[in-house]
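Beneath this line is the structure, given in structure tokens, with notes to follow.
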């Protein structure tokens, strides 16, 4: 949580001249940010260069206000980032989403053999020979009930909202169609899944 202070305005009663207004405060944000104040969405910044007025600054002292400067507005503000990506990798923990992202792009996400290694989304760029680029996001693993905000549910799911395509990554080696055959090879599992 960060607080941006109000900029001071100048009084001008002493000199009977115009006081200077408070300076604008500009908060640089990446694309994909939603500005929320008092549970009301003020606006979204979806493109590079988008601007949004969140609160008006104070005006300096002058004849219209008795040469006494007036304070600007104060707004309790939440800036919520929802990642923008072309493809979002979705799946259970330890399904191989980070491994797939590191194999397809130059991204270097943390890869380990335990659940929830990825606790924040990672983005990688897939570059093609004809200079096309696709952004891919490795999203943290989903658990059952995430849509009801179990675990880190909504914090993870909000990043799926703005992806153009969701790619479901499934660990076929851990996938069993029949509990009586627990030692099925990955190749056999792929063949069975393709027939379904």
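The values are calculated or read from the model by the stated rules, or taken from the named source; none is laboratory data. For clarity, every value in this text was computed on a predicted model and none was experimentally measured.
Identify the single condition in (1) farther than 14 Å from residue 100 by Cα; (2) at pLDDT 65 or above that residue 141 does not satisfy, given that it satisfies every other one. Exception for residue 141: condition (1).
Tell me, please, whether a residue that is more than 20 Å from the chain's Cα centre (by Cα) and either modelled with pLDDT of 70 or more or under 13 Å from residue 90 (Cα atoms) (or both) can be found in the stretch 148-165. Within the stretch 148-165 (the criterion being more than 20 Å from the chain's Cα centre (by Cα) and either modelled with pLDDT of 70 or more or under 13 Å from residue 90 (Cα atoms) (or both)), the answer is no, since none of the residues qualifies.
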